[in-house]
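Contents: one structure, followed by commentary.
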Amino acid sequence: MSRPTQMILAVDITDVGAYPLPQGTHPALGVAAYRAAVTQAAQGLLDFVLLRDQRVLGQTTRIAGIDALSMLARLAPEIAGVGLAVAKSVSYTEPFTVSRELATLDFVSGGRAAWLVTAIADAAAAQNYGELQAVDTATRTAIAREYIAVSRKLWDSWEDDAVAMDVARGWFLNPHKLHHINHRGDHFAIRGPTITYRPPQGHVVVIVSDDEGVDVAAAGADADVIVQHHTTLVAAQTAYTQQQQQAQASGRDLRVLQRVVPVIAPTTSQAFARVRALEAAAHTQGWAFPAAQVMAGTVNQVADQLGLWFHAQAADGFVFVLPELASDSAQISALLVPELQRRGLFRTAYTGTTLRAHLGLSTPHNQYEGAPSEAFLVYEPQGGQV
Amino acid sequence: MTPRKHAHIGVFFQSVGYGVVWRHPDYAKTDVFATYVRFAQSAERGLLDFVFFGEGLVVREHRDQFFGSIANGRPDSLALIPALAATTAHVGFVATVSSTYNQPFELARQLASIDHVTGGRMAWNVVTSFSNSLAKDSGGDQIAFNFSKEKHLAHATRYDRAREFVTLIKRLWDSWAPAAVVDGQIDATQVHAVNHHGTWFDVNGPLDVPRTPQGHPVIVQAGQSEDGRDLAARITDVVFSPHRDLAESKAYRDDIKQRMQAHGRDTTQLRVLPGLAVLVVPTEAEAQAKAAYYRELLFTPAFMRYLLSEQSGYDFATVDLDAPFPAIDTNNPDINGALIGRWMGLSHTKGLTVAQTIQQALPLWTIVGTPAQIADHIEQWLDAEACDGFLLTPSVFPNDLDDFVDLVIPELQRRGRFRTAYPGTTLRDSLGIAAPTWSHPVVEDAVPHGEEQR
């Protein structure tokens, strides 16, 4: 599939924003806050929202975590259109369980689920799972890659039409359409099949990001979407070209997104003054800057920069990391999206219902389609006839 | 006069296994989200306490082969329930999740998160993933094969793990003191590590999710074995039991309460809910016809061969179902000789065919009756202190749940045996079970998490 003519836009709704809050404030967020953020994104026709898991209460953690999948599953029936990307850890969890939870998020959202593949990289988090230290990046990446491959096998282990409910033949399931995956790898041995239906999207959209404990250069080869940060346009172009060539060579569709902090103000100088204020506050509080490209200016100037990166083939789109989620996401929907629409760079309506449709990604072919039927039991004479 | 005891009623979503009459023309497809929404909303219309979802960690095979006749497949409960919460306001949710194939920290944060996003309507049915089949092809090791393990854990070992698992999960839920969140703001000095180092788990904590609306999500268990009863008495708020005999159910409930007392727990804080396989008919005249129709849908020749073979381990593929029971060597170590022996005895004593025998041996319903008859049954059990209510297992969804909600619930309400409105917002409110009082998650050397970091 060719490169889309319009950019992909997503927003990271984790936390209350990427920059420090006034000192001494530590809000505990509930459903209402997330509902507002997801609704805002849906009104802006964004491709997806991204919700991370915050597993350790450290000195820099300002808010309590609510499990990302639980939260977005809660909001899925209420808010249509926008895709729902949730973090799910490959560390100390089971592919059989996690693949099923993700398939179910896809089920309850009508095909809008994405999986942000995460690995536990710090000791404090590992110590909640009986380990003293996290494993190294290479091991985490190897686990993630096998985990993704196994999950795709499990999603394929029921073909789309496995649930037959064929009264005449006596079949609830069509036993031709179920498959043991018999996976044996370095980290997992899984027989399968899974116990839930194939996700509406075939496979949940798999996102690999450069800030989630795995090496994108390796694990990106297994992803549908890569999210990353490059500090220069040239570096982003180089990475983009290489990643897309690699995907093309293996016959896959891939979307590559850059993380961006958009800082929009009525005038250029106001925008840069805000950037300086944010950086000063972060510095004062010992806060880590988000690993994202800051694009500051008027709404036209920010749209110019996004357009430049998009046309220069540095990215297929962007994941916005917002300084203050509540106020800045309103700006995205009210100001930036309309400007990009005027330029023909962004959709003016959702044209499909699934996240794959938004992203222009096709439904994956089922790797077991046409595989020989496995042994199944026939107790009725007509049961074996296809 | 003391007020009449009210019933607590939950309903099981029958989707996998042989309780399902999926051949019924009205059977709602289980691979459609709207079916689950309708289920939860039907239960809420009836003011039921909760809806309950089971778990099975393998596609049930039969004699090592796929078998198309049994209903299979279900969404994951932990991902489904938050979505159902968006479509309901009061009904509670019980998810069955294995303590054998999960990690306590991961599950603690999921269950706590779901309690938050459902507004305090979450319950966890603790299972250790056993196989209920005595036949050779029991699913035990097949479950292990889906989790990179060679062998399923032995029964006693699973319960040992479960005890530590649940104790630890409760501590993690206590790692946020009630004062840790005030007016939506977090006070980190009220968040505590758990520093658990046990036989099975080493977990530092604290949990990354605040204390939940219910304090702890409700804990449910269905322990029948010695280990199971012990676990139930230690940890559970609600017990599911399989008893269809009033005296047995009463004895079971008394036993659990006695064990609770031995553990220093308040016995008023327990709800024992036996299964109620109920078929509601508007008038008694319709009972026989409806039951016969369901039997016909369920007991196809293929399905009877499956049941006979699955339960006994003997291959009934070619046995004549309309003849008397064949002579089978009950000493064969590869089969369940005791069960086959009982079936043979039943067939010979009563002169039954194989088909009639299996249908007699597997009573489908506790009660088939009119709303008044079912209400009588419920009142009798409540007054005998044999239970605190029931777990419904309707045969066909939506019909049989709707019949219960529309016909039996009003009858119970007229008799003063069931609520006419939800008493509060949480599942604990509906069950009448108090939120647990908070205790520091580390009993000795309690150090607030905030101080440790300095």
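The values are calculated or read from the model by the stated rules, or taken from the named source; none is laboratory data. Just so it is clear, the model here is predicted, and its values are computed rather than measured. No Cβ is skipped: glycine too gets one built from the backbone with ideal geometry, and neighbour counts run over all protein chains shown.
The table that follows gives values for the structure above.
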item: Any hit, segment A:339-346, residues being within 19 Å of the chain's Cα centre (by Cα) and over 18 Å from A:ALA36 (Cα atoms); result: no
item: Helices (runs of 4 or more DSSP H) wholly inside segment A:69-158 that include at least 2 residues being buried (at least 24 other Cβ atoms within 10 Å of the Cβ); result: A:95-108, A:137-156
item: Hits in segment B:209-227 - residues which are at pLDDT below 90 and buried (at least 21 other Cβ atoms within 10 Å of the Cβ); result: B:GLY223
item: Residue under evaluation B:ASN195, criteria (1) closer than 24 Å to B:ILE114 by Cβ; (2) surrounded by fewer than 22 Cβ atoms within 10 Å (Cβ to Cβ), criterion not met; result: (1)
item: Where B:LEU321 falls short, out of the listed (1) farther than 30 Å from B:THR157 by Cα; (2) in contact (Cβ under 8 Å) with a residue 60 or more places away in the chain; (3) surrounded by fewer than 19 Cβ atoms within 10 Å (Cβ to Cβ); result: (2)
item: Every pair of residues 6+ apart whose Cβ atoms lie under 7 Å, when the first sits in segment B:47-70 and is on the phi < 0 side of the Ramachandran plot while the second is among the basic types (Lys, Arg) and in a loop (DSSP other than H, G, I, E, B); result: B:ILE70/B:ARG60
item: Yes/no for A:ASP161 being closer than 26 Å to B:ILE70 by Cα, surrounded by fewer than 24 Cβ atoms within 10 Å (Cβ to Cβ) and at pLDDT below 95; result: yes
item: Residue check, B:LYS5 within 28 Å of B:SER430 (Cβ to Cβ), out of contact with any Lys or Arg (no Cβ under 7 Å at 6 or more places or on another chain) and assigned to a loop (DSSP other than H, G, I, E, B); result: yes
item: Given (1) farther than 26 Å from A:GLU78 by Cβ; (2) more than 12 Å from chain A (Cβ to nearest Cβ); (3) surrounded by fewer than 22 Cβ atoms within 10 Å (Cβ to Cβ), number of the condition B:HIS90 does not satisfy; result: (1)
item: Of residues in segment A:364-376 being assigned to a loop (DSSP other than H, G, I, E, B) and touching a His at 6+ places or on another chain (Cβ under 8 Å), the one nearest to the other protein chains (Cβ to nearest Cβ); result: A:GLU374
item: Criterion violated by B:VAL97 - all others in (1) in a loop (DSSP other than H, G, I, E, B); (2) surrounded by fewer than 23 Cβ atoms within 10 Å (Cβ to Cβ); (3) of a type in the set (A, V, I, L, M, F, W, C) satisfied; result: (1)
item: Residue within segment B:363-372 that is touching a residue at least 40 places away in the same chain (Cβ under 8 Å), of a type outside the set (Phe, Trp, Tyr) and in a helix (DSSP H, G or I) present; result: yes
item: Of the criteria (1) farther than 27 Å from A:GLU94 by Cα; (2) buried (at least 20 other Cβ atoms within 10 Å of the Cβ); (3) within 8 Å of chain A (Cβ to nearest Cβ), which one B:ALA71 fails; result: (1)
item: Tally, over segment B:74-84, of residues that are within 7 Å of another protein chain (Cβ to nearest Cβ) and within 19 Å of the chain's Cα centre (by Cα); result: 7
item: Selected residue [touching a His at 6+ places or on another chain (Cβ under 8 Å) and closer than 22 Å to A:LEU21 by Cβ] from A:ALA296, A:ALA273, A:ALA292, A:ALA280; result: A:ALA292
item: Checklist (1) of a type in the set (A, V, I, L, M); (2) part of a helix (DSSP H, G or I); (3) closer than 30 Å to B:LEU168 by Cβ; (4) at the interface with chain A (Cβ under 9 Å from one of its Cβ atoms) applied to B:LEU57, failing item; result: (2)
item: Condition check for A:ALA218: of a type in the set (Gly, Ala, Ser), under 21 Å from A:SER151 (Cβ atoms), surrounded by fewer than 24 Cβ atoms within 10 Å (Cβ to Cβ) and touching a residue at least 40 places away in the same chain (Cβ under 8 Å); result: yes
item: Residue in segment B:9-26 that is farthest from the other protein chains (Cβ to nearest Cβ), counting only those that are closer than 27 Å to A:SER109 by Cβ and modelled with pLDDT under 90; result: B:GLN14
item: Residue list for segment B:173-186, filter: surrounded by 15 or more Cβ atoms within 10 Å (Cβ to Cβ) and facing another protein chain (nearest Cβ under 9 Å); result: B:TRP176, B:ALA180, B:VAL181, B:ILE186
item: Members of segment B:267-302 that are of a type in the set (Gly, Ala, Ser) and free of Cβ contacts under 8 Å to residues at least 24 places away in the same chain; result: B:ALA285, B:ALA289, B:ALA292
item: Checking A:VAL234 against (1) buried (at least 23 other Cβ atoms within 10 Å of the Cβ); (2) farther than 24 Å from A:LEU102 by Cβ, the condition it does not meet; result: (1)
item: Segment B:385-426, residues that are more than 18 Å from B:LYS5 (Cβ to Cβ) and acidic (Asp, Glu); result: B:ASP400, B:ASP402, B:ASP403, B:ASP406
item: Residue list for segment B:29-54, restricted to those being under 18 Å from B:THR118 (Cβ atoms) and either at the interface with chain A (Cβ under 9 Å from one of its Cβ atoms) or part of a loop (DSSP other than H, G, I, E, B) (or both); result: B:PHE33, B:TYR36, B:VAL37, B:LEU47, B:LEU48, B:ASP49
item: Qualifying residues in segment B:348-362 (those that are over 22 Å from B:ASP245 (Cβ atoms) and in contact (Cβ under 8 Å) with a residue 24 or more places away in the chain) - the one surrounded by the fewest Cβ atoms within 10 Å (Cβ to Cβ); result: B:GLY351
item: Inter-residue pairs, beta-carbon under 7 Å, first over 18 Å from B:HIS8 (Cα atoms) and within 14 Å of another protein chain (Cβ to nearest Cβ) and in segment B:205-234, second part of a helix (DSSP H, G or I) and charged (D, E, K, R), 6+ apart; result: B:LEU207/B:ARG109; B:ASP208/B:ARG109; B:VAL209/B:ARG109; B:THR212/B:ASP115; B:PRO213/B:ASP115
item: Qualifying residue in segment B:345-355 (condition: within 14 Å of chain A (Cβ to nearest Cβ), farther than 18 Å from B:LEU276 by Cα and in a helix (DSSP H, G or I)); result: yes
item: Residues within segment B:81-101 that are in contact (Cβ under 8 Å) with a residue 40 or more places away in the chain, in contact with a Ser or Thr (Cβ under 9 Å, 6 or more places away or on another chain) and closer than 16 Å to A:THR104 by Cβ, tallied; result: 7
item: Options B:THR157, B:THR167, B:THR118; residue that is surrounded by 20 or more Cβ atoms within 10 Å (Cβ to Cβ) and modelled with pLDDT of 85 or more; result: B:THR118
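Residues checked against (1) of a type in the set (Gly, Ala, Ser); (2) over 16 Å from B:ASP31 (Cα atoms); (3) within 12 Å of another protein chain (Cβ to nearest Cβ):
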site	(1), (2), (3)
A:GLY170	yes, yes, yes
A:ASN174	no, no, yes
A:ILE195	no, no, yes
A:PRO199	no, no, yes
A:ASP210	no, yes, no
A:ALA218	yes, yes, no
A:ASP222	no, yes, no
A:GLN243	no, yes, no
A:SER250	yes, yes, no
